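Accompanying notes for the structure given below.
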Amino acid sequence: MAAPLLFVPSDPLAPRVPDEHFAREAEAARDAGLAVAVVDHDAVVAGELAAALRRVPASDAARTAWYRGWMLSSSAYARLGSAAETRGIGLLTSPAAYAAAHELPGWYGTFAGSTPASVWLPWEPGRTPTSADVGPLIEALGDGPGVVKDYVKSRKHEWDEACFMPDLSDLATATRVVARMVELQGDDLAGGIVVRAFERFVSDAGGRAQEVRVWWVLGAPVLVTPHPDAPAASDVDVPADVLDAVGRSVGALGAPFVTTDLALRADGVWRVIEVGDGQVSDLPGGQDPAPLLRALAAVG
Ligand SMILES: Nc1ncnc2c1ncn2[C@@H]1O[C@H](COP(=O)(O)OP(=O)(O)O)[C@@H](O)[C@H]1O
Ligand SMILES: [Mg+2]
């Protein structure tokens with residue numbers, strides 16, 4: 001069977017070639033036997049489906065495709081799927097599988113024993129949550145510190161203002177931090193509000209958890225990288241039994257291309273901080289993408 005296609009975003013200034021951010025991956029993809037086709041990211045987001053795939057050659061029809069590109073909302077990814085379908089191309093990650101891996105409520109149940117306790121509430125961008133919204137939401141988490149994010153992303157760079165809550169029993173402060181997260185996400189707020197129990201992880205000099213990103217293709221760990229934000233974690237080894245356990249959850253999730261960000265808790269237990277769809281997870285800058293693209297090319 002022919003190797004799948006790889007869709008990558010086009011360069012906005014040179015729409016026939018891959019965006020510079022994905023150029024090395026596109027090259028590695030071709031070396032691995034994948035045909036590369038560019039998609040117009042802005043057109044996908046805007047719902048201009050014919051324009052989105054206008055540079056995909058007709059000869060690439062009737063095939064399957066992976067995507068490696070900028071993060072898409074679950075609904076934008078579904079639009080990419082529809083656009084591909086009209087060209088006779090099936091995305092190897094279905095829109096349902098994408099949403100399951102991309103949004104915390106989609107993957108939380110599958111990873112519940114190995115990730116911080118979490119609650120969530122669907123929320124519209126632009127509405128300001130009050131203590132009457134936040135109180136009932138966080139009640140089940142009890143006291144102690146917490147963090148807030150939307151279904152996909154946090155405001156970790158505005159940690160004290162819009163991410164970290166020192167004590168969830170202090171409802172006024174928790175409400176202020178949750179409301180600030182909603183405000184700063186603006187129209188980009190994905191899905192709703194997630195509040196998670198804070199756990200203490202082994203951290204780097206800057207106080208940030210040292211995360212290791214494991215890349216899974218069809219349930220197999222094909223690459224382990226530092227987290228793009230924390231290259232210091234490159235020398236951290238994940239024990240085989242931990243990888244096995246996480247792999248079982250990845251298999252149960254059912255999405256074919258997944259990343260898991262793992263961190264060692266201060267008490268020595270490995271935890272899953274975050275799950276993502278591998279198609280939109282960032283690779284650290286210096287990382288050789290070849291092993292990843294070879295694994296994607298091997299899927300027929
Ligand atoms: N439950 C938690 N306990 C402790 N630290 C956390 C927790 N959740 C997130 N963090 C910290 O906040 C950072 C951002 O959270 P994350 O869920 O990965 O959001 P993002 O999608 O913005 O990367 C993580 O890299 C980690 O350092
Ligand atoms: Mg993260």
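The values are calculated or read from the model by the stated rules, or taken from the named source; none is laboratory data. None of these values were measured; they are calculated from a predicted model. Note that we place each Cβ from the backbone using ideal geometry, even for glycine, and neighbour counts take in every protein chain shown. Side chains included, ligands, DNA and RNA excluded: accessible areas come from the protein's heavy atoms. Shrake-Rupley method; radii C 1.70, N 1.55, O 1.52, S 1.80 Å.
A Förster radius of 25 Å, combined with the Cβ-Cβ distance separating ALA140 from ALA252, puts the computed FRET efficiency at roughly 0.60.
Probing with 1.4 Å while keeping every protein chain in the model, the per residue accessible area of segment 117-197 equals 47 Å². Counting only the Cα atoms, segment 5-92 fills a convex hull of 82 Å³ per residue. Length gained on full extension, ALA240 to ALA298: 18.5 nm, using 0.36 nm per residue less the C-alpha separation.
Over the Cα atoms of segment 117-197, each weighted equally, I'd like the Debye log10 I(q)/I(0) at q = 0.24 Å⁻¹, rounded to two decimals. Those come out to -1.12, one per q.
The distance between label points at VAL224 and VAL202 comes to 1.2 nm (points 7 Å beyond Cα on the Cα→Cβ vector). One quarter of the convex hull surface built on the alpha carbon atoms of segment 1-53 amounts to 4.0 nm², the projected area averaged over directions. May I ask you to derive the FRET efficiency for ASP288 and ARG30 from their Cβ-Cβ distance with R0 = 22 Å, giving the value to the nearest 0.05? So, using R0 = 22 Å, E works out to roughly 0.90. Rolling a 1.4 Å probe across the protein heavy atoms gives segment 5-92 an accessible surface of 46 Å² per residue.
Only protein atoms count toward the accessible area here, which uses a 1.4 Å probe; on the chain, the carbon and sulfur part of that area reaches 52 percent.
For the chain, the average shadow cast by the Cα convex hull is 15.3 nm², which is a quarter of the hull's surface.
Couplings 3J(HN,Hα) of segment 2-19, computed from phi: 5, 5, x, 7, 10, 8, 10, x, 7, 6, x, 8, 9, x, 8, 10, x, 3 Hz, in residue order, whole Hz [Karplus 6.51 cos²θ - 1.76 cosθ + 1.60, θ = phi - 60°; x for Gly and Pro].
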